[in-house]
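Below is one structure; the comments refer to it alone.
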Amino acid sequence: MYWEKEIETIPHDKLKVLQLERLKKTVRSASTSDFYGKLFKNIGFKPDGISSLKDIENIPFTTCDDLRDCWPYGLIAVSRDELIRMHFSSETTERALVIFHTAADVNAWTNLMARSMYMTGMRKSDVFQNMMTYGLFTGGLGFHYGAERLGALVIPAGSENSRRQIQLMKNFGTTVLHISPSHALHLSGVFKEVDMDPRKDTELKTAFLGSEPHSEETRKQIEEILGIKAFNSYGLSEMNGPGVSFECQFQQGMHIWEDNYLVEVIDPETLEPVPEGTMGELVLTTLVRQGMPILRYRTRDLTRMITEPCECGRTHRRIERIKGRTDDTMIIKGINIFPIQIEKKLNNIPGVGNNFLIILEREGLNDDIIIKVEVQKEFFTGDLKQLENLRSRISDALKADILITPRVKLVEPNSLPKPEGKTGRVIDNRKNLYG
Amino acid sequence: MIAYQISVFAENKPGRLAKVTAILAKAKINIRAITISTSDEFGVINLLVDDPEQGQKVLAKEGLTASLKEVLAILIEDRPGGLDKLVQLLARENVNVENAYGFVLESWKRAVFVIEVDQIQRAQEILKEDGFETLNAEELSAVEPFHYMKY
């Protein structure tokens, strides 16, 4: 039932002792990186200044801007020779966050993935089909390594097309999938095309839904269509990727591995800790990572801690399904996109006016990004062709940057509402995105 | 002679044309001809008016994106083959027509064919050599059919 019984069921007081020991070590090691070295000096914090878990509050938060400012090596706390792997976060800005791992880091991450999957009931007798992009994205390799560690037979199917995926499932008796929710929904149609009923004609029993926020409703739908149990999980590249927290067989919130991560939940406005069980922004500190320790990382993800003990007997607390973001990151087709990226691109295109608006729609299973762009008054010479050229130019430029083809609509100067606040340029019409 | 057409950039949605005509009506500007070209979500309204400069000014003042565009307004005969004679000439001379529209001045006598072309100067010379008359803005408002004349 447990991958590592002792650590998974560790009593709270013992967990706290372990966390403190690991935190001390992490803070000391972090102080050898350029970024934290400078930071500690500036605020007069001593690398051995941690004597209780609460002392972490004397260290400022780390944000993704910090990671970008000291890109790419500013947070490395070991000699560069010790690094054996790098990954990108799933965003597309020029300076995509890059995370480095030592051999021990990859090993610890792999163990967390194995622990997570084992927790859902996956065993070495299972056939695991990893339908996720391999490469810079953490989801592919993260799950792959974990499943191998667990001892399952791994089919590294990657981004093969849906029919081929179904063929693999059929030929090799796949029992467990790692798949994005939109792909899972899409697959139901493909099963019909090839005249197969996934409930009867496959051995499928489990799916790990990853890389996109999805609602409880979507999960239920996927479970119904494929005749499986679908598990939600949460992770972010900055904290390795998948394997930060995962649902157990009871599917009531995701256990967050507190032996590897120190968890805080803060009010994103005041930055003060919220009372336990209150909605807030998740802040995480790595407790075992050697290559690139990160302290008090603001994930921008909103959730709530579930403090009641779980029936499964694990003592690691659970978080609820992510409720949204505290910044204006948009997650479209699994890719993180910032309005600022779009703004920067638009500013470089002659003919583009002052204002733009991003509208996100979900049609069926597809996310659509519509960008309304004001045309510059002076640019217009009365030519429809000129406008059409401008539109394709914007569309091409954005596609090259955000990897998704937006639907660009040109609008009259000063016709769009002036943006207010951080999310003023985005209208998200996708219902139940976070459930 | 070169004439001027007002081109207005507008989103393709109800009420945009009404806004344009309301502004021009208020400014007492007469519309001689109008065409609309659209590209699903946006379009361009092309207007031939009696006072293009003033027309452009009032539209811009009301916040519309309007610009003046050079066009050729060519006098043709309002009878079968009248337009053909002109268009055959343009084809022979390899002049590409980007946009065109026409209106009758005097039934069975005279009509005006308005064209946007890629090489406006050259097109003008070719037309002149072949005996076609092109009208400028003032002439356009002057060639009133008798019964339209302002008394």
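No lab work stands behind these numbers, since they all come straight from the coordinates. This one's a predicted model, so the numbers in the text were calculated from it and none came from an experiment. No Cβ is skipped: glycine too gets one built from the backbone with ideal geometry, and neighbour counts run over all protein chains shown.
Tell me, what HN-Hα J-couplings in whole Hz come from the Karplus equation 6.51 cos²θ - 1.76 cosθ + 1.60 at θ = phi - 60° for each residue of segment A:121-138, using x for Gly and Pro?
x, 6, 10, 5, 6, 7, 10, 10, 9, 8, 8, 10, 4, 7, x, 5, 5, 6
Given only helices, namely DSSP H runs of n ≥ 4 each adding -39500 (n - 2.57), what is the per-residue ellipticity at 222 nm of chain A, to the nearest 500 deg cm²/dmol? Walk me through the numbers on the way to the answer.
Values: 12 runs with 136 residues, N = 435.
Rounded to the nearest 500, the figure is -9500 deg cm²/dmol.
Over all residues in A:384-397, what is the mean tally of Cβ atoms on other chains that come within 10 Å of each residue's Cβ?
Details: counts 12, 5, 2, 6, 2, 0, 0, 3, 0, 0, 0, 0, 0, 0.
Mean partner shielding for this stretch: 2.
For segment A:5-327, what is the Kirkwood estimate of the hydrodynamic radius, computed as the reciprocal of the mean inverse distance between distinct Cα atoms, to one decimal in Å?
One decimal place: 20.4 Å for the Kirkwood radius.
Pull up all non-local amide H partners of A:Arg407: gap of 5 or more, or a different chain, and H-to-H distance under 5 Å with H placed in the peptide plane.
Amide H neighbours of A:Arg407, under 5 Å, 5+ apart: A:Ile369, A:Ile370, A:Ile371.
Would you pull out the residues with amide H under 5 Å of B:Arg110's amide H, same chain only if 5 or more places away, H placed 1.01 Å from N?
B:Asp78, B:Leu105
In peptide B:7-13, how many Cβ atoms from other protein chains are near each Cβ within 10 Å, on average? List each step's numbers first, then the result.
Values: counts 5, 3, 14, 3, 6, 1, 1.
Counting other chains' Cβ atoms within 10 Å and averaging over B:7-13 gives 5.
For the pairs A:Lys124/A:Lys200; A:Lys377/B:Lys69; A:Lys409/B:Lys28, note any where the Cα-Cα span goes beyond 25 Å.
A:Lys409/B:Lys28
So which chymotrypsin sites (Phe, Trp or Tyr not before Pro) in segment A:208-256 are both in a DSSP loop and have at most 15 other Cβ atoms within 10 Å of their Cβ? Could the numbers behind the result be given before it?
Numbers: sites: A:Phe208, A:Phe231, A:Tyr234, A:Phe246, A:Phe250; in loops: A:Phe250.
Here the sparse-neighbourhood loop sites are A:Phe250.
How do the peptides A:314-322, A:183-191 rank, highest first, by the average count of neighbouring beta carbon atoms within 10 Å per residue? Working shown, then result.
Values: A:314-322: 20.7, A:183-191: 18.3.
My ranking of the peptides, most packed first, is A:314-322, A:183-191.
Cα to Cα, under 27 Å, and not fewer than 8 places away if on the same chain: which lysines meet these conditions relative to A:Lys54?
Of all the lysines, those that pass the test against A:Lys54 - Cα under 27 Å, at least 8 places apart if same chain - are A:Lys14, A:Lys16, A:Lys24, A:Lys25, A:Lys38, A:Lys41, A:Lys46, A:Lys323.
Tell me the relative contact order for chain B as a rounded percent, counting alpha carbon contacts under 8 Å between residues six or more apart.
On the way: 258 pairs, mean separation 39.9, N = 151.
Reported relative contact order: 26 percent.
Enumerate the calculated ³J(HN,Hα) couplings along segment B:43-48 in order (Karplus 6.51 cos²θ - 1.76 cosθ + 1.60, θ = phi - 60°), each rounded to whole Hz, writing x wherever the residue is Gly or Pro.
Values, residue by residue: x, 10, 9, 9, 10, 9 Hz.
What average count of beta carbons from other chains do you get within 10 Å of the Cβ of residues in A:369-379? Each step should come with its number before you reach the end.
Values: counts 0, 1, 0, 2, 0, 1, 3, 1, 7, 2, 3.
Average per residue, whole number: 2.
Tally Lys and Arg at +1 and Asp and Glu at -1 over the other residues with C-beta under 10 Å from the C-beta of A:Asp48: what net charge comes out?
Details: positive: A:Lys24, A:Arg28, A:Lys46; negative: none.
Local net charge: +3.
Using mean Cβ contacts within 10 Å as the protection proxy, how do B:87-97, A:123-133 order, highest first?
Values: B:87-97: 14.3, A:123-133: 20.0.
Highest to lowest by the protection proxy: A:123-133, B:87-97.
Does segment A:331-428 come out rounded, prolate or oblate by the C-alpha gyration tensor, with a ≥ b ≥ c the root eigenvalues, rounded set by a/c under 1.5 and, if not, prolate when a/b is larger than b/c and oblate if not? Display every interim value, and only then the final one.
Numbers: a/c = 1.83, a/b = 1.44, b/c = 1.27.
Here segment A:331-428 falls in the prolate category.
Give a residue-ordered list of calculated ³J(HN,Hα) values for segment B:111-122 (Karplus: 6.51 cos²θ - 1.76 cosθ + 1.60, θ = phi - 60°; whole Hz; x for Gly, Pro).
Result, rounded to whole Hz: 9, 10, 10, 9, 10, 9, 10, 6, 10, 5, 5, 5.
Need one number: nm distance between label points at B:Glu53 and A:Thr63, each 7 Å from Cα along Cα→Cβ, rounded to one decimal.
5.4 nm
Would you please give the residues with an amide H less than 5 Å from that of B:Gln119, counting only those at least 5 places away or on a separate chain, with H modeled from the backbone geometry?
Hits under the 5 Å cutoff: B:Asn96.
Can you give the calculated 222 nm mean residue ellipticity of chain B, where each DSSP H run of n ≥ 4 adds -39,500 (n - 2.57) and the sum is split over every residue, rounded to the nearest 500 deg cm²/dmol? Write out the running numbers ahead of the final one.
Working: 5 runs with 48 residues, N = 151.
After summing the helix terms and dividing by the residues of chain B, the value is -9000 deg cm²/dmol.
If contacts are Cα pairs under 8 angstrom and at least 6 residues apart, what is the relative contact order of segment A:126-179 in percent? Each step should come with its number before you reach the end.
Numbers: 80 pairs, mean separation 29.0, N = 54.
About 54 percent, as a whole number.
In percent, how large is the relative contact order of chain A, given Cα pairs closer than 8 Å and 6 or more residues apart?
Working: 861 pairs, mean separation 63.2, N = 435.
The normalised contact order for chain A reaches 15 percent.
Rounded if a/c is under 1.5, else prolate if a/b beats b/c, else oblate: with a ≥ b ≥ c from the C-alpha gyration tensor eigenvalues square-rooted, which is segment B:1-146?
Working: a/c = 1.96, a/b = 1.57, b/c = 1.25.
The shape class here is prolate.
Would the protein assembly as shown count as rounded, prolate or oblate if I go by the C-alpha gyration tensor, calling it rounded below 1.5 in a/c and otherwise prolate when a/b exceeds b/c, oblate otherwise?
Working: a/c = 3.24, a/b = 2.31, b/c = 1.40.
Cα axes put the protein assembly as shown in the prolate bin.
Students often forget the sequence filter, so: which lysines lie under 18 Å Cα-Cα from B:Lys128 once same-chain residues fewer than 8 apart are removed?
The qualifying lysines are B:Lys85.
Add +1 for every Lys or Arg and -1 for every Asp or Glu among the other residues with Cβ under 12 Å from the Cβ of B:Glu116, and state the total. Don't skip to the end; give the middle numbers.
On the way: positive: A:Lys385, B:Lys69; negative: A:Asp383, B:Glu70, B:Glu98, B:Asp118.
Summing Lys/Arg as +1 and Asp/Glu as -1 gives -2.
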